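Take a look at the structure below.
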Amino acid sequence: MTAGRFVVTHVDDATAQLRDVQSGQVHPVVDPPDLAAGDALAATLSPADGIEATWSIDRIERRWTVAVAASDRPPSERAQAAADALSVGEIARLDVDDGELHVICVPESDTDAAVGDVTGDDATRDRAIRLGVERVAVRHAPGVIAVRYGGPA
């Protein structure tokens, strides 16, 4: 038996693929409940065949989706203050009430591309699932990206 947080990577009529967002291990699931690719799950799985080649979902504690979006708003004053202490390529991690805030310094000319990288990266969604949050908001200004993981879970 294994418990953890998973992202649904594939679903068809008889099977689903879940990836553990902590370990990266992929679990082929037989006879899955109604799932959709991209769903986040806090769940308990058990081997369906005795050799851990296929799995069954024993229990789903929570099911949610994660929205990742870039915002036109600039980073908050707190994020900007953190960025002022960083060099290009450095990151600061700050606690917020309902999640985390990551402040990343990038070359000013690369800001828009870096925002696209962050919003399109599976690792961004995986971190949100590990944190149990529903939203990732990416704010930016030239040379600074603020990634806020938050929202009710």
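The values are calculated or read from the model by the stated rules, or taken from the named source; none is laboratory data. All values reported here derive from a predicted model rather than from experimental measurement. Using ideal geometry, Cβ is built from the backbone for each residue, glycine included, and neighbour counts are taken over all protein chains shown.
Values as computed for the structure displayed
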quantity	calculated
Enumerated strands (runs of 3 or more DSSP E) restricted to region 27-142, each holding at least 2 residues that are of a type in the set (F, W, Y)	55-64
Residues of region 5-21 classified as in contact (Cβ under 8 Å) with a residue 40 or more places away in the chain and not basic (K, R), total	3
Residues of region 32-67 that turn out to be surrounded by 12 or more Cβ atoms within 10 Å (Cβ to Cβ), among the acidic types (D, E) and farther than 26 Å from G120 by Cβ, as a count	2
Filter result (acidic (D, E) and farther than 14 Å from G99 by Cα) within region 118-153	D121, D122
Some residue of region 56-67 being within 20 Å of the chain's Cα centre (by Cα) and aromatic (F, W, Y)	yes
Test: A153 is of a type in the set (G, A, S), more than 17 Å from the chain's Cα centre (by Cα) and either farther than 14 Å from A69 by Cα or at pLDDT below 95 (or both)	no
Residue that is modelled with the lowest pLDDT, among those in region 68-89 that are exposed (fewer than 13 other Cβ atoms within 10 Å of the Cβ) and in contact with a strand residue (DSSP E or B) (Cβ under 6 Å, 6 or more places away or on another chain)	R73
Lone unmet requirement of (1) touching a strand residue (DSSP E or B) at 6+ places or on another chain (Cβ under 9 Å); (2) of a type outside the set (D, E); (3) closer than 26 Å to V21 by Cβ for A123	(1)
Residue within region 83-97 that is charged (D, E, K, R), out of contact with any Asp or Glu (no Cβ under 7 Å at 6 or more places or on another chain) and closer than 18 Å to V133 by Cα present	yes
Failed criterion for S87 (all others in (1) within 20 Å of the chain's Cα centre (by Cα); (2) over 25 Å from R19 (Cα atoms) hold)	(1)
Pair list, Cβ < 8 Å and 6+ apart or interchain, from region 22-46 residues that are without any contact (Cβ under 8 Å) to a residue 12 or more places away in the chain and in the same structural domain as I60 (by TED's automatic domain parsing) to residues that are assigned to a strand (DSSP E or B) and crowded, with 17+ Cβ neighbours inside 10 Å	Q25/R19
Restricting region 2-26 to residues that are polar (S, T, N, Q) and in a loop (DSSP other than H, G, I, E, B), the residue that is surrounded by the fewest Cβ atoms within 10 Å (Cβ to Cβ)	S23
